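This report concerns only the one structure given below.
Each value in this text was obtained by applying a stated rule to the coordinates, not by laboratory testing. For clarity, every value in this text was computed on a predicted model and none was experimentally measured. Positions of Cβ are generated from backbone atoms using ideal geometry, with glycine treated the same way; all protein chains shown enter the neighbour counts.
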Amino acid sequence: MKTSLQKFTACILLLLFAAVTANAQVAETKPAKRETIQIKTSAECDMCKDRLLKEMGNTAGVKKAELDLGTRVLTVTYATKKVSADQIRQAIAKIGYDADDVKANNKAFKKLPDCCQKGSGVDCKPGDGHKHEEGK
Ligand SMILES: [Cu+2]
C-alpha cells in the first residue's frame, strides 16, 4: 500500500516536471508577437504626419505608430504574424515618402503638396491646406 502511494506520488511529480519543462520550451521557441521598429521617413510637416499615421492606421497588423517630426523617425509597433517591417516600409513608400532604404513612389511623391515634397525648399504656410498653428 505504502509503496504504491509512493509510486503514485513519484509519477505525479514526474508529470508535473515534464509539463513545466515543456511549457518553458514553448515560451523560448515562440517568436515575439509584437515588434517595434523605427523608420526614417521624409516627412516634412504636420500634414505629412497625418498622412503617414493614417496610412499606418489602414495597414493591417500595425498596432501603434508615432512620428517625430524633428527627426522624421516613425516608430511603429506591429504584429509580426500579420505584417513585416518591409511591408510597412512599402506602405510608406506607396504614399510618397522614403522609408529607410525604400525610396518613395515617384507618382505619389509628385502628387504631394509642394512643401511636403522632400528637398523642394518650399516652406509650409498656414492656409495652404496644412494643419499648422497660427504663426508657425
Ligand atoms: Cu507635409
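Data for the structure
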quantity: Label-to-label distance, nm, for residues given as Lys111 and Asp46 (7 Å Cα→Cβ offset); calculated: 2.4
quantity: Percentage relative contact order, segment 72-123, counting C-alpha pairs under 8 Å, at least six apart; calculated: 19
quantity: Spin-label pair Val73/Lys7, simplified geometry with 7 Å Cα→Cβ offset, distance in nm; calculated: 6.4
quantity: HN-Hα J in Hz across segment 54-71 - Karplus 6.51, -1.76, 1.60, θ = phi - 60°, x for Gly and Pro; calculated: 5, 4, 5, x, 8, 8, 4, x, 7, 9, 7, 9, 9, 10, 9, 5, x, 9
